[in-house]
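Participant: I am attaching a structure below and will ask some questions about it afterwards.
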Amino acid sequence: MTDRIPGRRLLHSPGPTPLPDEVLHAMSVQPMDLGDARVDANIAACEAGLRRLLGSSAADVFFYASNGHGVWEAVVENLAAPGQAVLVPGTGHFSESWAVQTEALGRTVVRTPWREGWPIDVEAVEQALRDDRGHAIQAVFAVHTDTASGVTSDIAAIRRAMAAAGHPALLVADVVASLGAAPFAMDALGLDVAVGASQKGLMCPPGLGIVAVNARGMAAARHNPAPRFYWDWLRRRDPLSYRKFCGTAPQNLMFGLEAALGLIFREGLDAVHARHRLLAGLVQAAVEGWREGGALDFFSRDESCRSVSVTTIAVKGVDVDALRRIARERFQVAVAGGLGPLAGRAFRIGHLGDSNPALILGALGGVEAALLTLGVNVGDGGTRRAVQRLAQS
């Protein structure tokens with residue numbers, strides 16, 4: 001038995017994120033039999049809410065009992081047959097993870113280079129598509145916000161590059177880290193498929209993967225001969241709830257999602273996006289202060305591409321594992337480490353979902369205290385700058 005620690009440990013990873021009480025309460029119901037009308041009403045509400053959030057009037061919305069990697073696999077299995085090719089523009093850890101997973105499923109991947117700290121190279125995407133004169137590439141798999149780098153790429157620019165190249169490939173975007181935090185309009189962007197997950201801006205526990213597919217994407221799936229069952233969009237396009245989920249729906253997670261969507265729309269999308277910009281600005285103000293000490297800096301080199309969901313902070317001579325441990329165990333602030341090529345080279349502060357300025361200031365104070373405990377030079381301090389930014393907002 002351990003002693004109770006008063007208060008609550010602040011969770012500031014970029015996923016999972018803190019849950020609103022309304023979501024916790026919505027999930028605390030007893031499961032229902034599959035014929036209960038409330039199950040169908042809940043699924044319909046979540047489908048409609050996701051279309052609204054994604055900015056799509058008619059996309060088919062599919063839910064999976066999975067994380068984001070699960071819906072990556074659903075995209076691969078529905079859009080490309082074994083041996084066919086897709087283009088994965090480089091964004092860092094998550095684009096490469098999607099590429100490796102796609103290759104493991106027997107597909108061919110064309111990559112564009114990634115330059116550390118920068119968004120997708122749109123010119124390289126256009127050139128790769130121009131070079132594909134036989135149109136072997138079936139789809140472009142683009143990560144909107146790479147959670148590891150904290151960089152957001154321009155999906156509209158990628159669609160323009162595809163048009164300029166005259167290439168018929170489908171455009172797929174991973175919006176796991178941006179949905180519910182940043183503006184996104186699937187139809188206006190000309191997006192064929194969007195994939196998301198529950199544990200970030202949607203303010204739900206991990207465990208729900210989301211795919212939205214337009215008519216063009218569904219047509220591609222219909223003509224794709226690849227064998228599939230659980231992931232199959234055509235099989236899941238059914239009015240019966242147990243067929244929508246290829247079995248029993250994760251009911252409690254779905255009830256939580258319905259509650260979370262209600263909170264988002266009650267706050268208003270413009271207000272939600274403005275809140276995330278404010279929170280990101282507070283963290284960025286702190287990093288501006290810390291970087292003066294010489295040990296910390298922004299990983300994203302382009303200020304305009306810094307994510308509103310997560311800030312990745314590059315370090316020199318800082319033990320990231322020790323920093324995270326001290327922040328978590330001593331100061332009750334949980335932040336994330338670097339992923340993939342950034343392991344040991346960066347840490348990440350999430351500022352998305354059910355969060356407000358007071359929580360962000362608490363997180364920044366805990367991180368700064370941990371840095372000082374390690375003897376890291378933090379310049380004239382970052383928390384003070386964040387407070388000043390908030391006072392001026």
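Here, each number is a calculation from the coordinates, and none is a lab measurement. None of these values were measured; they are calculated from a predicted model. Positions of Cβ are backbone-derived with ideal geometry, glycine not excepted, and every protein chain shown enters the neighbour counts.
Participant: Could you tell me which residue out of GLY7, ALA58, GLY70 lies farthest along the dipole of the stretch 1-149 toward its positive end? Charges go on the beta carbon: Lys and Arg +1, Asp and Glu -1, centred on the Cα centre.
Facilitator: GLY7
Participant: Among HIS276, HIS12, HIS25, what is the fewest-to-most ranking by other Cβ atoms within 10 Å?
Facilitator: Numbers: HIS276 23, HIS12 28, HIS25 13.
In order of increasing Cβ crowding within 10 Å: HIS25, HIS276, HIS12.
Participant: Restricting the count to DSSP beta bridges whose residues both fall in the chain, what percent are antiparallel, rounded to a multiple of 5?
Facilitator: Details: 24 of 41 bridges.
Bridges in the chain are about 60 percent antiparallel.
Participant: Please state the relative contact order of the chain as a whole percent: Cα pairs under 8 Å, 6+ residues apart?
Facilitator: On the way: 818 pairs, mean separation 88.2, N = 393.
That works out to 22 percent.
Participant: Please give the length that would be gained between ALA215 and GLU303 if that part of the chain were fully extended, namely 0.36 nm times their separation in residues minus their C-alpha to C-alpha distance (nm, one decimal).
Facilitator: Values: separation 88, 0.36 × 88 = 31.68 nm, distance 3.58 nm.
Difference between extended and current length: 28.1 nm.
Participant: Anything in the chain that counts as a DSSP H helix reaching 20 Å or more along its axis (C-alpha) with Kyte-Doolittle mean of at least 1.6? List them, would you? All intermediate terms of the calculation are to be shown ahead of the outcome.
Facilitator: Working: long enough: 37-54 (26 Å, 0.40); 251-267 (24 Å, 0.68); 269-290 (32 Å, 0.42); 357-373 (24 Å, 1.64).
Those that clear 20 Å and a mean of 1.6 are 357-373.
Participant: Can you compute the charge dipole magnitude of the chain about its Cα centre, using +1 on each Lys and Arg Cβ and -1 on each Asp and Glu Cβ, nothing else charged? Give it in debye, rounded to the nearest 20. Present the calculation step by step, with values, prior to reporting the outcome.
Facilitator: On the way: 38 positive and 39 negative charges, 39 e Å.
The dipole magnitude comes to about 180 debye.
Participant: Find the Rg to Rh ratio for the stretch 268-392, where Rh is the Kirkwood radius over alpha-carbon pairs and Rg uses the same atoms. Before the final figure, lay out each step's value.
Facilitator: Values: Rg = 13.5 Å, Rh = 14.4 Å.
Answer for the stretch 268-392: 0.94.
Participant: DSSP loop (so not H, G, I, E, B), at most 11 other Cβ within 10 Å: list which trypsin sites (Lys or Arg not before Pro) in the stretch 251-347 pass both filters.
Facilitator: Values: sites: ARG266, ARG275, ARG277, ARG291, ARG301, ARG306, LYS316, ARG324, ARG325, ARG328, ARG330, ARG345; in loops: ARG301, LYS316, ARG330, ARG345.
Answer by residue number: LYS316.
Participant: Just for the stretch 129-275, what percent of DSSP beta bridges are antiparallel, to the closest 5?
Facilitator: The answer is about 45 percent antiparallel.
Participant: Please report PHE141, PHE298 as a ranked list, fewest other C-beta atoms within 10 angstrom at the top and most at the bottom.
Facilitator: Numbers: PHE141 27, PHE298 20.
Final ranking by Cβ density, sparse to dense: PHE298, PHE141.
Participant: Extension gain ARG235-LEU372, at 0.36 nm per residue separation less the Cα-Cα distance, in nm?
Facilitator: Values: separation 137, 0.36 × 137 = 49.32 nm, distance 5.57 nm.
Gain on extension, ARG235 to LEU372, equals 43.7 nm.
Participant: Give me the distance between the Cα centres of the stretch 52-98 and the stretch 377-393, rounded to whole Å.
Facilitator: If we compute the Cα centre of each part, the gap is 39 Å.
Participant: Out of residues 5 or more away from SER300 or on other chains, whose amide H comes under 5 Å of its own, with H placed 1.01 Å from N in the peptide plane?
Facilitator: Residues meeting the criterion, in which the H sits 1.01 Å from N, are THR312.
Participant: A further question on this structure: Along Cα→Cβ, 7 Å out, is where each label goes; now give me the distance between the ones at ARG8 and ALA48 in nm to one decimal.
Facilitator: 3.0 nm
Participant: Sorting GLU47, GLU103 on the 10 Å Cβ count, fewest up front, what's the list? Could the numbers behind the result be given before it?
Facilitator: Numbers: GLU47 18, GLU103 14.
Exposure proxy ranking, most exposed first: GLU103, GLU47.
Participant: With a cap of 10 neighbouring Cβ atoms within 10 Å, and only residues DSSP puts in a loop, list the trypsin sites (Lys or Arg not before Pro) found in the stretch 1-99. Walk me through the numbers before you get to the answer.
Facilitator: Values: sites: ARG4, ARG8, ARG9, ARG38, ARG51, ARG52; in loops: ARG4, ARG8, ARG9.
Passing both the DSSP loop test and the Cβ count: ARG4, ARG8.
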